[in-house]
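Read the figures in this text as sums done on the coordinates, not as results from a lab. Everything numeric here is computed off the predicted structure, so don't read it as measured data. Methodologically, a virtual Cβ is constructed for each residue, glycine included, from the backbone with ideal geometry; neighbour enumeration extends over all protein chains shown.
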Amino acid sequence: MKQMLKRWRWPLVVASLLLAGLAFAFWPSPQLVDTARITRGAMAVGVTDDGVTRAEEYYVVAAPVSGYLSRIELEAGERVVKGALIARMTGRPAAPLDPRSREELKASLAAALAATRGAEVSLAQAKSDLSRAEALAVRGFLAKAQLEAARTRVASGQALLAQNRSEAARLRAALSQPPGGAKIGVPVRAPAAGEVLSVITESEGVILEGTPLVTIGDPHKIALVVDLLSREAVRVKPGNQVNVTQWGGTQPLVGHVVRVEPFGRLKISALGVDEQRVNVIIHFDDLSAQQAARLGHGYQADATIVRWSRPDAVRVPIGALFRGADGEWRVFVVARGHAEERAIEVGQMNELYGEVLRGLREGEIVAINPSGSLHSGTRVRSR
């Protein structure tokens with residue numbers, strides 16, 4: 001036996017080396033994977049959209065009459081005080097009344113005066129009935145419903161009398177118009193103090209009543225208006241923190257939601273899709289208001305409205321999550337050189353992390369963007 005081993009020792013050594021080489025060559029190598037560690041830290045969930053600034057209080061001054069407008073000499077950025085003269089208008093005279101229209105107005109005035117006298121008599125009677133009803137009610141001889149009915153008749157009589165008097169005054173004013181009429185100069189004044197934000201109608205000329213002339217407001221008191229999709233706006237509530245970026249400064253501005261408007265409006269997107277948008281009004285905090293004063297009316301910025309936040313959430317990178325056959329969230333945990341598929345429970349999610357509620361601990365390592373060939377028990381090596 002020893003002779004045989006001695007005779008075949010070198011062939012056996014060579015065969016063993018060949019077998020070891022083949023085993024090494026065909027032995028499956030560990031699969032390279034990207035990995036990340038489960039961490040604990042601050043996490044926030046919000047919605048981001050672009051918004052436009054506007055003065056908290058601004059006024060659009062319009063032409064009070066139809067007529068000839070003088071040139072507006074104000075420039076955007078100039079300060080004005082309340083009552084300052086903006087422009088002058090020459091009102092166009094009203095068309096004179098023809099004899100037939102005048103007679104019709106006289107007849108209407110006579111009818112209005114008669115209705116006024118009748119309303120005065122009815123109101124006096126209603127007040128007398130109310131006094132008698134109150135006296136009976138105090139003694140317990142009148143039902144409460146009858147007393148309320150008497151009070152209602154008095155209130156209705158007062159409203160009718162005021163209406164008839166107003167109609168009579170309107171008819172008197174119409175009849176007092178002179179037959180020819182003369183052009184009247186009408187000054188256009190600033191309704192409040194502030195700065196001229198924009199001059200809408202600058203050149204002189206004939207304009208119609210209600211034509212916008214200038215916009216006046218305080219550019220140092222700025223709010224941000226973000227139009228969100230209605231399905232996102234319903235999840236926003238007053239008091240939510242807002243981080244404003246892409247406004248032109250190096251540091252984000254901080255504000256809070258003060259109001260979500262209760263109505264939506266149709267807006268066509270750039271792709272031609274009908275969208276229902278809702279305005280969310282944001283005011284800047286005191287520290288950010290000084291920097292926000294550098295913005296003006298109608299400036300654009302991006303706003304992230306924080307709907308949920310937690311300072312010590314257990315976070316898993318969003319790229320490590322995938323759905324299992326049962327539809328639940330799963331990850332591949334890397335431990336001792338092998339991948340282990342594990343079901344976890346995820347709470348809030350944002351574009352970077354998912355909040356781990358159950359199934360993972362801080363410090364564990366998971367595979368990022370696992371391939372379809374990765375299975376539980378596969379040997380892996382971090383890339």
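Based on every Cα atom in the range 99-176, Rg and the maximum pairwise Cα distance Dmax equal 17.5, 61 Å. Measuring r between the beta carbons of Ser108 and Ser203 and using R0 = 41 Å, the FRET efficiency lands at 0.45. The computed Cα extents along the principal axes in Å for the structure shown corresponds, within (i) 56, 47, 39; (ii) 57, 52, 40; (iii) 148, 72, 41, to (iii).
Take the Cβ atoms of Leu175 and Leu147, set R0 to 56 Å, and the FRET efficiency comes out at 0.85.
When you restrict to C-alpha pairs under 8 Å that are six or more residues apart and normalise by the size of the chain, the relative contact order lands at 28 percent. Compactness of the range 171-307, taken as the C-alpha radius of gyration over 2.2 N^0.38 Å, stands at 1.51. State the antiparallel share, in %, of DSSP beta bridges confined to the chain, rounding to the nearest 5. If I count the DSSP bridges inside the chain, around 95 percent turn out antiparallel.
Taking a Cβ cut-off of under 13 Å around Gly249, the surrounding Lys, Arg, Asp and Glu residues balance to a net charge of 0, with basic ones at +1 and acidic ones at -1. With 0.36 nm allotted per residue and the present C-alpha distance subtracted, the Glu75-Arg189 stretch has 39.5 nm of extension available. Applying 1/(1 + (r/R0)^6) with R0 = 41 Å to the Cβ-Cβ distance of Asn369 and Ser230 gives a FRET efficiency near 0.75. Counted residue by residue at 0.36 nm each, then reduced by the alpha carbon distance between them, the extension gain from Ala62 to Ala155 reaches 29.7 nm. Per-residue ellipticity at 222 nm from helix content only, as computed over the chain with -39500 (n - 2.57) for each DSSP H run of at least four residues, stands at -10000 deg cm²/dmol. Label-to-label distance for Arg383 and Glu261 is 4.7 nm, based on points extended 7 Å past Cα in the beta-carbon direction. Short-range pairs are left out: with C-alpha atoms under 8 Å and at least six residues apart, the relative contact order of the range 99-176 is 50 percent.
Take the Cα of Ser376, step 7 Å toward its Cβ, do the same at Thr48, and the gap between the two points is 3.7 nm. Taking a point 7 Å from the Cα of Arg310 along the Cα-to-Cβ direction, the residues of the range 29-49 with backbone N closer than 19 Å to it are 37-47. The alpha carbons of the range 256-383 give a radius of gyration and a Dmax of 21.7, 61 Å, in that order. Label sites at Lys82 and Arg132, each approximated as a point 7 angstrom past Cα along Cα to Cβ, lie 5.1 nm apart. With the highest mean first, a sort of the peptides 153-163, 320-330 on other beta-carbon atoms found within 10 angstrom per residue produces 153-163, 320-330. Fraction of C-alpha pairs exceeding 19 angstrom in the range 36-156: 78 percent, rounded to a whole number.
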